[in-house]
1. Quick check on Ser66: is it modelled with pLDDT of 90 or more and surrounded by 13 or more Cβ atoms within 10 Å (Cβ to Cβ)?
2. Any idea which of (1) assigned to a loop (DSSP other than H, G, I, E, B); (2) surrounded by 11 or more Cβ atoms within 10 Å (Cβ to Cβ); (3) among the polar types (S, T, N, Q) is the one Thr79 doesn't satisfy?
3. Name the single residue, out of those in segment 42-77 being among the hydroxyl-bearing types (Ser, Thr, Tyr) and in contact with a His (Cβ under 7 Å, 6 or more places away or on another chain), that is nearest to Cys30 (Cα to Cα).
4. Within segment 82-91, take every residue that is farther than 15 Å from Asp35 by Cα and either in contact (Cβ under 8 Å) with a residue 24 or more places away in the chain or buried (at least 17 other Cβ atoms within 10 Å of the Cβ) (or both) and give me the one that is farthest from the chain's Cα centre (by Cα).
5. Output the number of residues of segment 38-48 satisfying the condition of being of a type in the set (A, V, I, L, M) and either exposed (fewer than 15 other Cβ atoms within 10 Å of the Cβ) or modelled with pLDDT under 90 (or both).
6. Across segment 40-67, what is the number of residues that are over 14 Å from the mean Cα position of the chain (by Cα) and either in a loop (DSSP other than H, G, I, E, B) or β-branched (Val, Ile, Thr) (or both)?
7. In this structure, is Glu33 modelled with pLDDT under 90 and surrounded by fewer than 17 Cβ atoms within 10 Å (Cβ to Cβ)?
Amino acid sequence: MTIRRRILLVLTGTLLTNVAMAHSWYPPECCAERDCVAVDCETILDKGDHLEWKGIQFHKSLERPSQDRDCHVCYNQETKLPHCVFTHQGT
């Protein structure tokens, strides 16, 4: 195996590990291992009794504290059914 190929394999493995670990804190009921995406916090609008992101409404009971510097929305991308929304509550 060439040195170039070894470097490529190491970098690919590191990237995949970091991506997997970056969102390992998503609860199973929110993500279904595919339904969550990081979004700009300013794109999540507080509408009083619910939060809204790009027309998808998340009841306040679906709001959870984000574990990183980003906000996240979790929804079924086919049906647009909301699962969870992660924000920096109180900030």
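1. Details: modelled with pLDDT of 90 or more: yes; surrounded by 13 or more Cβ atoms within 10 Å (Cβ to Cβ): yes.
It is true that Ser66 is modelled with pLDDT of 90 or more and surrounded by 13 or more Cβ atoms within 10 Å (Cβ to Cβ).
2. (2)
3. Initial filter on segment 42-77 (among the hydroxyl-bearing types (Ser, Thr, Tyr)): 43, 61, 66, 75.
Of the ones still in play, those that are also in contact with a His (Cβ under 7 Å, 6 or more places away or on another chain) are 66, 75.
On the way: Ser66: 12, Tyr75: 8 Å.
Once the filter is applied, the top-ranked residue is Tyr75.
4. Just the residues of segment 82-91 that are farther than 15 Å from Asp35 by Cα, to begin with: 87-91.
Those still in the list that are either in contact (Cβ under 8 Å) with a residue 24 or more places away in the chain or buried (at least 17 other Cβ atoms within 10 Å of the Cβ) (or both) too: 87-89.
On the way: Thr87: 10, His88: 13, Gln89: 16 Å.
Looking at the filtered set, the residue picked out is Gln89.
5. Initially, segment 38-48 is screened for residues of a type in the set (A, V, I, L, M), giving 38-39, 44-45.
Keeping just the survivors that are either exposed (fewer than 15 other Cβ atoms within 10 Å of the Cβ) or modelled with pLDDT under 90 (or both) gives 45.
Summing the residues that are of a type in the set (A, V, I, L, M) and either exposed (fewer than 15 other Cβ atoms within 10 Å of the Cβ) or modelled with pLDDT under 90 (or both) in segment 38-48 gives 1.
6. Matching residues across segment 40-67 total 6.
7. Values: modelled with pLDDT under 90: yes; surrounded by fewer than 17 Cβ atoms within 10 Å (Cβ to Cβ): yes.
Yes: the conditions hold for Glu33.
The values are calculated or read from the model by the stated rules, or taken from the named source; none is laboratory data. No experiment lies behind these values; they were computed from the predicted model shown. FYI the Cβ positions are ideal-geometry reconstructions off the backbone, even for glycines, and counts take in every protein chain you see.
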